[in-house]
Amino acid sequence: MIGRSFQLAPGIGPWRERDLWARGLLDWEAFQANPERSGLPEAMVQLLAARIEEARAALAARDLVGLADLLPAREHWRLYPLFADEAVYLDIETDGRDGGRPTVVSLFDAGGLHVLLQGQNLDALPEALGRSRLWVTFNGRCFDLPVLRSHFPGLPRPAVHLDLRFLCRRVGLPGGLKSVEEAVGVARPPHLRGTNGWDAVLLWRAWTSTGDIEPLRFLVEYNLYDAFQLRSVATCAYNRMVERLAFDAERIPRWERGEVLYDVSRILLGLGMAAERVPAAG
């Protein structure tokens, strides 16, 4: 999809880009071969041609920052399939207090699933996130990242942050993550359905006040699903966007989550041996 993108220069927005496609200029090669068909002023033709060359160089170098700088932020979704192998999908839970401190953070990246717990290994989060240039969240712009930046002032910044809440809304998938999952056919197991963020707060409090491992297991399982389900949702949202632009051939294959479900079970079984009770905050 990136090679079909013309929103690389000032003055070329969604309408002009669609007009270029309608004129038969469906990608960079077609534009460079027949710039006179664009109907653009000569100065804009020259600027767009220069920006295309910049984008080509950035693409060849896998320069995500350079490509992101050339595109409007609302079009960063076009970069997703090119850099999905470098993505980290993340979700957090908090303690429910004013200014909410993170309690559990789940990450899903090329190395698999990772769980970080307050009072145990949460301090490793900035380094873990720093290994990925593309961060994928659901409502992370409004919740997850502000909470994490408050708790970790030195938290790194990604080259691209793809917040699926807003992308899903653009493709007719409104609502929260759980309702979107249902709509795209990646529902959770029955025992997790209906669980929400406040339940996560209560589960954490039950764990820290009693030391009973079962509330922690349930909480971690819930949060892991919040993280790895984002990959399925991202794939669906991307495919819906390219279909809306009439570029069906740009769709990417549906992600199969079977192997990850095995890893969830392994992590939950390991919690009983690895977790230490976290003292309740005063």
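The values are calculated or read from the model by the stated rules, or taken from the named source; none is laboratory data. Just so we're clear, the structure is a prediction, and the values are computed from it rather than from any experiment. With ideal geometry, Cβ positions are generated from the backbone for all residues, glycine too; neighbour counts draw on all protein chains shown.
In region 1-76, which helices (runs of 4 or more DSSP H) lie fully inside it and hold 3 or more residues that are closer than 30 Å to Trp135 by Cα and not small (Gly, Ala, Ser)?
14-22, 42-60, 64-70
Kindly list, by first and then second residue, each pair from a residue in region 1-27 that is over 17 Å from Pro41 (Cα atoms) and among the acidic types (Asp, Glu) to a residue that is crowded, with 18+ Cβ neighbours inside 10 Å and at pLDDT 95 or above, limited to pairs with Cβ atoms under 7 Å and residues at least 6 apart or on different chains.
Matching pairs, first to second residue: Asp27/Arg4.
When Leu125 is evaluated against the numbered criteria (1) touching a residue at least 40 places away in the same chain (Cβ under 8 Å); (2) in contact with a strand residue (DSSP E or B) (Cβ under 6 Å, 6 or more places away or on another chain), which criterion, by number, is the only one it fails?
Single failed check for Leu125: (1).
Please go through region 138-155 and pick out each residue that is in contact with a Leu (Cβ under 6 Å, 6 or more places away or on another chain) and surrounded by 14 or more Cβ atoms within 10 Å (Cβ to Cβ).
Selection gives Phe138, Leu148, Leu155.
Could you look through region 27-57, keep only residues that are exposed (fewer than 15 other Cβ atoms within 10 Å of the Cβ) and in contact with a Lys or Arg (Cβ under 7 Å, 6 or more places away or on another chain), and pick out the one that is nearest to Ala73 (Cα to Cα)?
Gly39
Taking the condition surrounded by 13 or more Cβ atoms within 10 Å (Cβ to Cβ), under 25 Å from Ala87 (Cβ atoms) and either of a type in the set (A, V, I, L, M, F, W, C) or modelled with pLDDT under 95 (or both), does Ile213 pass?
On the way: surrounded by 13 or more Cβ atoms within 10 Å (Cβ to Cβ): yes; under 25 Å from Ala87 (Cβ atoms): no; either of a type in the set (A, V, I, L, M, F, W, C) or modelled with pLDDT under 95 (or both): yes.
Answer is no for this residue.
In the set Gly96, Gly66, Gly100, which member is over 18 Å from the mean Cα position of the chain (by Cα), within 20 Å of Val160 (Cβ to Cβ), surrounded by fewer than 21 Cβ atoms within 10 Å (Cβ to Cβ) and not acidic (Asp, Glu)? Spell out the reasoning first.
Details: Gly96 fails: within 20 Å of Val160 (Cβ to Cβ); Gly100 fails: within 20 Å of Val160 (Cβ to Cβ).
Checking each option against the conditions leaves just Gly66.
Taking only pairs six or more apart or across chains, which ones have beta-carbon atoms under 6 Å, a first residue in region 254-282 that is in the same structural domain as Thr103 (by TED's automatic domain parsing) and under 17 Å from Val186 (Cα atoms), and a second residue that is at pLDDT below 80 and loosely packed, with under 11 Cβ neighbours inside 10 Å?
none
Would you be able to tell me the number of residues in region 112-134 that are over 16 Å from the mean Cα position of the chain (by Cα), more than 20 Å from Ala200 (Cα to Cα) and not in a helix (DSSP H, G or I)?
0
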